Each structure stands twice: as structure tokens, then as C-alpha cells.
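Here it is: the structure, laid out below.
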Amino acid sequence: MKNCTTLKVIMLVFASITFTLNAKAQGKKKKDINAIKSMCGCFEVTFNFAETFNYSEDSLYKPSKEKTAKALEWAQLVEDNKDKIVIQHLLQVGDPSAPHIVKHWRQDWLYENTNFYMFNGDNNWNYVSKPKDEVKGQWTQKVYQVDDSPRYEGSATWIFVDGKSYWENTTDAPLPRREYTKRNDYNITERGNRHEITNFGWVHDQDNKKVIRSADKEDVILAKEKGYNTYVKVDDSKCKAAANWWKEHHQKWALVRNQWNAIYGLNKDLSLKTKVDNKPLYKHLFSDEISKEKDLAKVIASFVVK
């Protein structure tokens, strides 16, 4: 009888500890979700990039020029559930009375995700499956190009300490447009990404390396770069034109995402062509002439290297 009572006590204590741990985990996850969703809305963005160090042995090496740009950016919440949050960014530029809208990058946040497409240079992404215990409690940020093709992704834990809220990760990525349109002396950007929620909005703080990667050789660091992009929250009405643009075009881009999701769901290495019919993918997809699902599927499939 005494043994049975002792066993019941142990079981009750174990159940109580389990309940407490689960409650804490759910409370932490809710904080994570609130932090991610706080990156939605209308922001005045300032993009700042500067090359900080270079390690080139070429005496004629020229560092990238410092770049600063400003814009309004609308971050649209596209999908919102307990394990996945999708945010589409839209730039609003030009004359405020008749602004031009540019479909910008997209970020998906997945809880305890185990499937990854890791960039490996030259428009190639290696599929990687991680064990569940390696990503426990973590969120994967998957970043996509303007045409919803892959860009980079990485997994980490949201941190809430000393009044700070941030997520940070280091991963390989393609060169950004400001670089690949002007230089070809490296082929990997190793991105140190920190997303920090602030009292004015949020900051995308980057410590990047410009890397030369080639088969059967060690990576060579050509230079380092600092990026510091501030997102200052403003009234949503300032981004009304971008929000309206999304209402008009969101169905087309849902079809595009579906096509890509089918490709990503194959869980195998992915290689993409840079151009088809002498045009990059985004120029095909941005055309109003291509809007039907079968046409979108055909165009996207034409860029996938079999």
C-alpha cells in the first residue's frame, strides 16, 4: 500500500513538472510569434551598407561603395498559424500621390522546421534535413527572392533578455542585387543576420562576409561588410497604395507560391537557370500576360535544372 502511494505521488509530481514546462514553452512560443508579427505593417526603411575590411591580394582591388537608400515598405501578413507565419514585403517608391509598387522580398517563419535549402553558390541549393532535437524551440526564417524563388534560410531561437528581443543566425546566401549587378569577384554572401525588435519598429543588423567558393578548395574571404537597416513604424495609411496593390495581385502570387512549394516539397537539391528566353524569372512573372496557373507553372518549371 505504501509503495502504491509513493508511486502516485511521484506520478503527480512528474505530471505537475511536465505541465509547468509545457506552459512555459507555450508562453515562450507566444512571445516568439508576437515578435515576428511585429515586423508587419508600414515602415520608413533606411538601408545602409558599407564594406569594412578587405583581404584581397590584388593591389587594384576596389571595395564596394557605401550605399544608403530610403523607402516606404509595407510588410503584409499573408499566413498566420501556430507553426508558420508568412510576411510579404512591398516597396512603395516615387511620387507619393501616385507611387510605384515593387514586390520585394518575402520571409516565412516556421517553428521547429527540419527541412532546409542551403545556398551553395552558382544558383544551387543543397537540401538538408536536420534532426528534430537540433531545432527544438527554434524558428526557421526562410527568405525568398522577388519571384518567390529561394534565397537563404537559417534556424535559431528567439531571445528575450535584458529588455532585448532578437533572433540571429549565420547562413550562406546569393549576392544581393546591389552587388551582383556590379561585380563578380565572389559568389557567396555569408550573412550574419540579426532581427531585433525595438521601441520604434525593428532593425535588420548584418555582419556579412564576401566569400569565394570553388569545388575542392577552402573558402576564401574576400571582404567583410556591415549592413544596418532600420524599420521605423509609421501609420498604416502611409502604405495604403502598397496594401491595395497586394489586394489586387495576391491571388496570382498565391499560385506562384503553390508552384514553388511543390518543388520544395520534393526535398532534393535544387539548381536554377539564371535566364530563360534571355529573361530572368522575375521579368516573366511580373508580366501581366502570365497569370493563369498552368502558365505560371510552365514558366517556373522552365527555370528548374532537371
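The values are calculated or read from the model by the stated rules, or taken from the named source; none is laboratory data. As the structure is a computational prediction, the values presented were derived from the model and not from experiment. Don't worry about glycine lacking a Cβ; one is built from the backbone with ideal geometry, like all the others, and counts go over all protein chains shown. For accessibility, only protein heavy atoms count, side chains too; no ligands or nucleic acids. Shrake-Rupley method; radii C 1.70, N 1.55, O 1.52, S 1.80 Å.
For the range 81-93, just list the computed ³J(HN,Hα) in residue order, Karplus coefficients 6.51, -1.76 and 1.60, θ = phi - 60°, integers in Hz, with x standing in for Gly and Pro.
The phi angles translate into 9, 5, 10, 8, 10, 10, 10, 9, 9, 10, 7, 10, 10 Hz.
Using only the alpha-carbon atoms, how far is helix 293-303 inclined from the longest principal axis of the chain? Give it as 0 to 90 degrees, nearest 10.
Its long axis makes an angle of about 80 degrees.
Helix-derived [θ] at 222 nm for the chain: sum -39500 (n - 2.57) over DSSP H runs of at least 4, divide by residue count, nearest 500? Write out the running numbers ahead of the final one.
Numbers: 5 runs with 81 residues, N = 306.
Per the formula, -9000 deg cm²/dmol.
Quick check: net charge around ASN126, other residues with Cβ under 13 Å of its Cβ, Lys/Arg +1 and Asp/Glu -1?
Numbers: positive: LYS130, ARG213, LYS268; negative: ASP122, GLU153, ASP172, ASP269.
Summing Lys and Arg as +1 and Asp and Glu as -1 gives -1.
Hey, another quick one. Can you check what the net charge comes to around GLN251, using other residues whose Cβ is under 12 Å from the Cβ of GLN251 (Lys, Arg +1; Asp, Glu -1)? Display every interim value, and only then the final one.
On the way: positive: LYS247, LYS252, ARG257, LYS292; negative: GLU248, GLU293.
Its environment carries a net charge of +2.
Same structure, new question: Just to be sure I understand the model, the point goes 7 Å from the Cα along the line to the Cβ. What's the resulting ALA98 to ASN267 distance in nm?
5.2
Grab the Cα-Cα distance for HIS249 and LYS306, subtract it from 0.36 nm times how many residues apart they are, and report the gain in nm with one decimal.
That pair, HIS249 and LYS306, stretches by 17.5 nm at full extension.
Using a probe radius of 1.4 Å on heavy atoms only, what accessible surface per residue do you get for the chain? Whole Å² is fine. Each step should come with its number before you reach the end.
Numbers: 17380 Å² over 306 residues.
So the chain comes to 57 Å² accessible per residue, rounded to a whole number.
Calculate one ³J(HN,Hα) per residue across the range 46-56 by plugging θ = phi - 60° into the Karplus curve 6.51 cos²θ - 1.76 cosθ + 1.60, and present them in order as whole Hz with x for glycine and proline.
Those phi angles translate into 10, 9, 10, 9, 8, 6, 9, 9, 10, 10, 5 Hz.
Could I ask something else about it? Can you put LYS268, LYS273, LYS37 in order of accessible area, largest first, using a 1.4 Å probe?
Working: LYS268 120, LYS273 95, LYS37 70 Å².
Ranked list, largest accessible area first: LYS268, LYS273, LYS37.
Karplus couplings for the range 160-166 from phi (6.51 cos²θ - 1.76 cosθ + 1.60, θ = phi - 60°), rounded to Hz, Gly and Pro as x?
For the range 160-166, the Karplus curve yields 10, 8, 6, x, 9, 10, 7 Hz.
Another one. Between PHE200, TYR127, VAL211, whose Cα lies farthest towards the positive end of the dipole of the range 114-245 when Lys and Arg beta carbons carry +1 and Asp and Glu beta carbons carry -1, centred on the Cα centre?
Of the options given, the answer is PHE200.
Something else: On full extension of the chain, what length is gained from THR114 through TYR282, given 0.36 nm per residue of separation minus the C-alpha to C-alpha distance? Kindly include the intermediate steps, with their values, before the conclusion.
Working: separation 168, 0.36 × 168 = 60.48 nm, distance 2.82 nm.
The THR114-TYR282 span can extend by a further 57.7 nm.
With +1 assigned to the C-beta of every Lys and Arg and -1 to the C-beta of every Asp and Glu, and no other charges, what is the dipole magnitude of the range 66-147 about the Cα centre in debye, to the nearest 20? Intermediate results must be reported in sequence, preceding the final value.
Details: 10 positive and 12 negative charges, 18 e Å.
Dipole of the range 66-147, to the nearest 20 debye: 80 debye.
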